[in-house]
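Okay, handing you the structure first.
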Amino acid sequence: NAGVTQTPKFQVLKTGQSMTLQCAQDMNHEYMSWYRQDPGMGLRLIHYSVGAGITDQGEVPNGYNVSRSTTEDFPLRLLSAAPSQTSVYFCASSFIGTGIGYTFGSGTRLTVV
Amino acid sequence: AQSVTQLGSHVSVSEGALVLLRCNYSSSVPPYLFWYVQYPNQGLQLLLKYTSAATLVKGINGFEAEFKKSETSFHLTKPSAHMSDAAEYFCAVSDQGDYKLSFGAGTTVTVRA
């Protein structure tokens, strides 16, 4: 089925470890983004991309890195995990400017101990 | 940048009663507006959207929302709540033609039997 695929679904990291959260979409969407969801704070934008080779920072980019080498993939890298990065991470994608809304992945629940 | 305010972080309704979730946006220029639903341990799913066509928008699962420019509001309603409506609901906004969404903090709906 077409959509946004995120892996892994769950992850436990130790403080200081690094890891990559994977996101792939098969809808040829130009726009892809990463959000983190924390209780009572809604969704906060981490990084986004409007096409291959183009990325930019969102509201809470510190401690995260992204790249976009293809239209389909938009991985999120945690450089040195901290307990404050314990959260649920969502990847979302859409066409640009159409107002059709985002398609979300099912999320990655990350715990940093 | 656009922003949204969701009034009430928790709403409790009886099964069969009206569901009313409030959302106000910040801009004087009509934006694109969206409501998303998140069921436990799942990603966000688009309920409905306003993109400057009809001001009363019908969505999935019997939900609808009315865009009121004079009140800068986009409240979500459902005439008769069902147990399956228990979820978290997010209002989101973007400028017309833009790709970045700003999300409200969310409203958790519980449905009492």
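Is the shape of region A:23-92 rounded, prolate or oblate, going by the alpha carbon gyration tensor and its root eigenvalues a ≥ b ≥ c, with a/c under 1.5 for rounded and a/b larger than b/c for prolate? Don't skip to the end; give the middle numbers.
Details: a/c = 2.10, a/b = 1.63, b/c = 1.29.
In terms of gyration-tensor shape, prolate.
What are the ³J(HN,Hα) values, in whole Hz, obtained from phi via the Karplus relation 6.51 cos²θ - 1.76 cosθ + 1.60 with θ = phi - 60°, for each residue of region B:64-77 in sequence order, with x given for Gly and Pro?
Rounded to whole hertz, the list is 8, 9, 10, 7, 10, 4, 5, 9, 6, 10, 8, 6, 9, 9.
Place +1 on the Cβ of every Lys and Arg and -1 on the Cβ of every Asp and Glu in the protein assembly as shown, take the dipole about the Cα centre, and give the residue among B:S27, B:Q96, B:S9 whose Cα lies farthest towards its positive end.
Comparing the listed Cα positions along the dipole, B:S9 ranks first.
Express in whole angstrom the spacing between the alpha-carbon centres of region B:12-73 and region A:63-99.
26 Å
Can you sort A:H29, B:H10, B:H82 by 1.4 Å-probe accessible area, starting with the largest?
Order by accessible area, largest first: B:H10, B:H82, A:H29.
At 1.4 Å probe size, with no ligands or nucleic acids counted, give the accessible surface of A:L79 in Å², nearest ten.
Accessible surface of A:L79 is approximately 100 Å².
Let me ask something else. Which value, in debye to the nearest 20, describes the size of the charge dipole of chain B about its Cα centre when Lys and Arg Cβ atoms bear +1, Asp and Glu Cβ atoms bear -1, and nothing else is charged? Don't skip to the answer; put the middle values down first.
On the way: 8 positive and 8 negative charges, 15 e Å.
Dipole of chain B, to the nearest 20 debye: 80 debye.
What FRET efficiency do you get for B:T77 and A:Q22 if R0 is 45 Å and r is their Cβ-Cβ distance, rounded to the nearest 0.05? Walk me through the numbers on the way to the answer.
Details: r = 38 Å, r/R0 = 0.84.
Efficiency for this residue pair is about 0.75.
Can you pull the percent of chain A's accessible area that's carbon plus sulfur, 1.4 Å probe, other chains left in place?
Here it works out to 51 percent.
To continue, here is another question. Dipole of chain A (Lys/Arg Cβ +1, Asp/Glu Cβ -1, origin at the Cα centre): which of A:G63, A:L43, A:I96 lies farthest to the positive side?
My answer, from the dipole projection, is A:G63.
Which sequence of B:K100, B:K78 reflects their accessible areas, 1.4 Å probe, from the largest down?
B:K100, B:K78
A further question follows. State in Å² the accessible area per residue of chain A; use a 1.4 Å probe, count heavy atoms of protein chains only, and round to the nearest integer.
That works out to 45 Å² per residue.
Only Cα pairs under 8 Å and at least 6 apart count here; give the relative contact order of chain B as a rounded whole percent.
38 percent.
If amide H atoms are built 1.01 Å from N in the plane of the peptide, which residues on other chains or at least 5 residues away come under 5 Å of the amide H of B:Q2?
B:D95
Mind giving me the nanometre distance, one decimal, between the label points for A:A2 and A:N65, set 7 Å out from Cα along Cα→Cβ?
3.4 nm
Per residue, how much accessible area does chain B show when a 1.4 Å probe rolls over the protein heavy atoms, in square angstrom?
Result: 46 Å² of accessible area for each residue.
Okay, moving on. Treat every Asp and Glu Cβ in the protein assembly as shown as -1 and every Lys and Arg Cβ as +1, leave all other atoms uncharged, and give the resulting dipole magnitude about the Cα centre to the nearest 20 debye.
So the dipole magnitude of the protein assembly as shown works out to roughly 360 debye.
Express in Å², to the nearest 10, the accessible area of A:C23 obtained by rolling a 1.4 Å probe over the protein heavy atoms while all chains stay in place.
0 Å²
Given 0.36 nm per residue, what is the gain on full extension from A:A52 to A:E30 after removing their alpha carbon distance, in nm?
Details: separation 22, 0.36 × 22 = 7.92 nm, distance 0.81 nm.
Length difference between fully extended and current span is 7.1 nm.
Can you give the accessible area of A:R44, probe radius 1.4 Å, in Å² rounded to 10?
Per-residue accessible area (A:R44): approximately 50 Å².
The values are calculated or read from the model by the stated rules, or taken from the named source; none is laboratory data. Values in this document were obtained by computation on a predicted structure and should not be read as measured data. No Cβ is skipped: glycine too gets one built from the backbone with ideal geometry, and neighbour counts run over all protein chains shown. All accessible areas refer to the heavy atoms of the entire protein, side chains included, with ligands and DNA or RNA removed. Shrake-Rupley method; radii C 1.70, N 1.55, O 1.52, S 1.80 Å.
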